Each structure stands twice: as structure tokens, then as C-alpha cells.
């Protein structure tokens, strides 16, 4: 039902004016429907209403009042026995219309009604209920016309439309009739080609493609200056059903001069619909190409030179030579050579073989292409037949070489025709007049027994000298023999290659420049780079590039890669060899890895009870972008969808999106800021960022607070106790010192005399200064008795001899 209700939004979006008449009273409230359906209700217009007015406010409000988003409340269609409205004439027929056509749904009743209503249901939806779309007052003098019209009907309005009415003396809605409306899509063409030029007799295509499948295609042709007419001579090719998927109406045929003119493609979606024509295509057939000069049958001795002539009447873009076996003209040809014709006129496609070989015997055809992308036009073939050779010729001969001792090499010697015997002679560099000695004799090998080359696995110093190749063929009566020029083989001791500059392990970003360094201290002849994949378990390497050394003195084998990609990761090894060497000397490898972006998560610390603001910014602001803050699995908030504790503010001009909240325990953890933009294919994610929200203290757990408070109190109490103890000890010590510094006190009783043995030190070592007035210092004995056991004797009270004030009391 939800899909049905949502589709009803667009049902009447392109229709005509509003339904009610200016003089008609506002209709009673209609059954509740989704707000989206109510918004489209005003698009349906009664057929007879020429001066429509907006829907009355009362009815509009009733239509807009939906019980809940997505709910569809369909008015009951009451079937009553008496006084039921019915069609005034025969039942209407189902309608079929083209997209953008004007369509009228007729609903004339046999009695006066109080209200009309039209409902819609999707085609084939047998289980669903019709969705009310429009409610309005009846039209006409007799108030019995509930007809409506669609202006420029669209595909979404296709379906079953049900006309209902409320009788004048009733309250229930009565279903009167249903009309099945089918809307065929409008034919739209995707191709926009207006002119095609092609050479005569070349295959060509007149393009015609539609945006949606069609049922029938049709082509019409008009000659230059002539009337429009069906093309000849193949009428069947001009009206046809397109192949699946039904969108290609292109016409493909060979271009003939008589078909030059204007071609127009038409198509229709179904057989009852009219044809819709595309823009015409003008076909111009250019003058056909002709071959001015071609070679005839050629008979030539094997190994002799031969030329194949091919000259055309006009400039061409490219030439091609095709080969077929002799006496097999029906087999598919093999393209042997493709090239662009030389010279200014570009009409000569001739080729020349310096030495014709046995495998080149056959049928040769010249083909030309007038323009890039066009088809090749092939000329009649030319046969090339080979006769037995009258002279032996060399296809390859040995040449002077410098080879390092211990390395391998090959001295080539290949004939143009079959040979029987191969002989190799050698003479030293000192024996200039000698004919040399035969060091090797063998039969020819390879294709057609033409190869007499020799291979040295490891060159020795004794093989330094001049080498010659002799080939022999023919019969005993007519032997054939040929000798090649002597080739000098020079041997030497090669110094080892020393690499002075090499790349180490390289880490580069994806898409950046990659430079692999490899430089030698001596001249090099050839460089080679190989790569081994990082995840390669069998250590197999792949040869990437082989090239000649470059730079000053041919010492540089470095290689540049413009854009580093994932396939460039691996172990790269530089190899190099000098002149005369047969194998590569490899350098220590370099490991190449790409720097891949790592995901970074930002942590934000929040204090308990304080509001927190999270912010993210889109680097390129988009006016239509929407920002969301996600705290999975439950919280997803945006500017238009917030909670009691989460508020989102978005500034589309700056691209900043902020989230304000008072965090609780459930808000801690990962938050994701997401920017999206709506497209026709749904929501498209522009960018996203992630952060973690933490707290400096638990928001709800108070246990730690109590523990810290108790510990702090204990420490404070312990500190106070220690201070009190220290102060008391200090006072006790000061009291003792005060007693020692009283001088020579006089006892209150006169009968007692001073005891000289009270002091353990000489009087000169005791401080007798006090803060109260001037004290009289008594005489002190010069020596102590041996039986003194304490500093002074316990007394009841000491008095100052001058002031007679009490200093302190010391009571037993």
C-alpha cells in the first residue's frame, strides 16, 4: 500500500486545472489520505470545467490530514439497493493513449449526485485497494457529470481509474464504473547523425537508436530532388521489428550510387500507435575506388627478388597485403603486411621482396582503405609461383663479433632455398693467405632445410680467428655451391660489471613518479629489468623491459615509470651485460611498495556535565548536500531530525556541520559525520569522517570520587598529627634550654644554699640571655662534684632575682 500511495503522487502532476467550479460549494471532507496524494489531487480536472478554481480550503485540509505517514485510508465503496447512481449510457471502453496526449475519462450518471470522487489502482494489483485521488462537486446542469481530463498524460498515470459518487440523498460513496487506462511511452531517439559519406559498394550503417524499446521500425527514402517514396529495391528491409532489446533501428546495407539521397527513420511503440520520425540522414555515395595497376601471375626462381604492384585511382589511408595458399582461393586470407602508402599522392601500395622464399608462394591480394575506420576494398589476387633455384643465395651471413671468453654466441648462416650440406672453415688471424681448415660439416636444419648456423656454448681463446660458411645443393650433374664472406670472431676477457648507483627500498604514493636507479662504472650494451611480485611464492620473475644502455658512456640502465600503480609493487632487479657477453649480470634487488592511506581516528575528550560540540567540514561545499551524525546502532541525527539531547546545525555555504549535545554514558564511543547528496539513483555518499568521544572522568560512577576524598582526608589528618608531634617536641626542647639559661637562681627559702654541682658545663658555655629585663648572673662554681646525676634539682618554683616574675612551673 505504501508503494501504491507514493506512486499516486505523480498520477496527475501534468494534468490540467483544478476541479471545482467557482460557484459550487466546498465539498465535504474526503476520507483521509496521505499528504503526498492530496498534493497531487488538484491536478485532475473535470472535463467540462472551463474556468477552474482552486480546491476549497475545507476539502484540501481534509485530503491533507493523513492519520500517519504512509497510511492510506480508502473511502468505502457502498453498494446500496435503491437510488444507486449508474452510467447514463453504455459502459466506457478501456483507453490507450500515447505519452503527452490529452485524455478524458467520461463518467456521466443517470441521476443527480452530491459529490464525485476518482480513485486509482495500479494495473495488475488485484489485491490492493484503489487510492482516492480527487474529490469534487459534480458538473453540468443536472449535477450528474463526474468526468475528468488529463492534459499531457504521463506513464505514471497508467492504471485502473474508478469513478465514484455520493448520491444526493445518501451519505455513502458508490462505485459507478472503472476505466482501464494504458499509456504508451513516447518514442525518443538517441542518435543525432545527419550525414553519412561512404565509398561505393562499401558496407555502411545508417544509425537509428531509440531510448526505449519499440515494436516496429520503418525507413523512408527520397532521392535528391525527388518525392518521398518507399526505397527500392528491398522493401522488406525498410519495415522491420528491431532485434532485442528492441532499441536498434539502424539500417545496414552496401552503399550503391542509386541509394544516394535522404533517409528518414521512424518507429512506434506498438502497432496501434503512429510512427514517430527521427531527423533525416543524408547519404552521400562517393566515387568508387579503382585499381589502376596490379601485378599478374608471377613465376620466379626461389631466392630471387620479386615485386608486387598495386596502384589505386585515389589517395587512400592505409594498404594491406593478404595471402592465401596456392589453389585455395576460398580460404580465409592472412593479413601479412599493413602500412601507410608513401609519397604525396598516397596511391601506391606496391611491395617488393628482396628474396622470395618457398613459404611465400601463393595468392597475394592488395586491399586499400579510403578513410580510417572504413572497410578495406580488396583487389583480385595475384598468384606467385616459385621455380627451382638456379643459384644459391644467402638470407643471413656471419658477421664480425667480439665475444667474451666463456660466453655463448651464434654465427648465422641461412640460405634462401633448401641446401644439403653445410661446411664451416676456420683460419687464424696470422694465416692471412691460407684457405682455412674445415672444422665442421653437417646437414642443414630448420624450415625447408635452409639453416646452417653454428652455436658456441662457451667461446674459447683458441676459437679466435676468421670463420666462413659454405652451402651446397643441387644434383651431381648440376651442383650448386655458395661461400659467405669471412667473419672475424674476436675473443677477450671481460671485466666484471660493477654497479655504482642502485635504488634501495622505495616507498612512493600511488600515482606518483617512480625512478629505478641503476648505473655501472663501465660501458654496457644491454639493460634488463625484471619484477617479482611481493606475494609470489615460487619466486618466478617477469621480464618487464629490455633496452640499450643510455647516458654518458652508455653506463646508465635506470628506468622511469610516470605513474606508480599497484601492479608496480614488487622486487625489482636490474640486469646488464657488456658487448660480447651472453648473459646478464644482476644487481641487488630493490623493493618497491606503495604508500597506502591509513584510516585516522580522532579522539575528543569531554568533561562530565559540560556540553560538547562535534564539527566536520566538507572540503568542497555542495549546496544540496545533507549532513548526518551517526552513533550506531541507534542514533542518527540531522538538521531536520534531531533528538532531545542532540542538535545538528549545517552551513551549506562553508560546508561545516556541527553536533551539539550534553553527553551521557551512552553517547561515548565512535561518531561518524556523513555528507550525502540526493541523485536520481538514490543517496550518494560524498564524504565521511570518524571520531571517538571520550570523557576525562566517568559521568555516572561516583565510587572513584569517594575513594579519592577519603584518601585525601587521611593524608591531611596524618599531616596534622605529625605537625602537632613535631611542635610539641620543639616546645619541650625549648623548655629545657630555658631552664639551662636562668643564670644562678635563688631559692625562695633562704635556708637552702646554692648547689654548685647543678651544672655539667662551665658557666662560660651557657647562654644566659633572656627576654625579660636584665637578669643578675650569680657566681658559678669552678668545678663539678663527681656525684651529680642531673642538670638541676627539681624545685617548686623559680623566681627571677630582679623581677620576681614566674617564668614557668615544673611540678612533680
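Bear in mind these aren't lab numbers, they're just calculated from the coordinates by the rules spelled out. Everything numeric in this text was worked out from a predicted model, so none of it was measured. With ideal geometry, Cβ positions are generated from the backbone for all residues, glycine too; neighbour counts draw on all protein chains shown.
What the table below lists for this structure:
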| quantity | calculated |
| --- | --- |
| Cα centroid separation - the range 322-358 against the range 416-434, whole Å | 37 Å |
| Segment residue 168-residue 544, length gained on full extension (0.36 nm per residue, minus Cα span) | 126.3 nm |
| Cα-based convex hull volume of the range 602-695 per residue, rounded to whole Å³ | 95 Å³ |
| Cα→Cβ-extended label distance, 7 Å offset, between residue 672 and residue 435, nm | 9.2 nm |
| Fewest-first ranking of 506, 471, using other Cβ atoms within 10 Å as the exposure measure | 506, 471 |
| Geometric extent, Cα atoms of the range 291-387 - Rg, Dmax (angstrom) | 13.2, 40 |
| Efficiency of FRET from Cβ geometry, residue 387 and residue 495, R₀ 41 Å, rounded to 0.05 | 0.15 |
| Backbone N under 16 Å from the residue 253 label point (7 Å along Cα→Cβ), restricted to the range 195-219 | 196-208, 217-219 |
| Ascending count of other beta-carbon atoms within 10 Å, so fewest first, for 416, 532, 654 | 654, 532, 416 |
| At q = 0.16, 0.17, 0.19 Å⁻¹, base-10 log of I(q)/I(0) for the range 394-474 (Debye sum, equal scatterers on each alpha carbon) | -0.62, -0.69, -0.84 |
| Label point distance in nm, residue 328-residue 151, each placed 7 Å from Cα along Cα→Cβ | 7.5 nm |
| Packing rank of 365-374, 644-653, where each peptide gets the mean count of other beta carbons within 10 Å, highest leading | 365-374, 644-653 |
| Residues 101, 145 arranged by fewest to most Cβ contacts within 10 Å | 101, 145 |
| Translational diffusion coefficient (Stokes-Einstein; Kirkwood radius from C-alpha pairs) of the range 499-595 at 25 °C, 0.890 mPa s, in µm²/s | 179 µm²/s |
| Relative contact order [Cα under 8 Å, 6+ residues apart], the range 510-600, whole percent | 35 percent |
| Stretchable slack from residue 460 to residue 358, in nm (0.36 nm times residue separation minus alpha-carbon distance) | 33.0 nm |
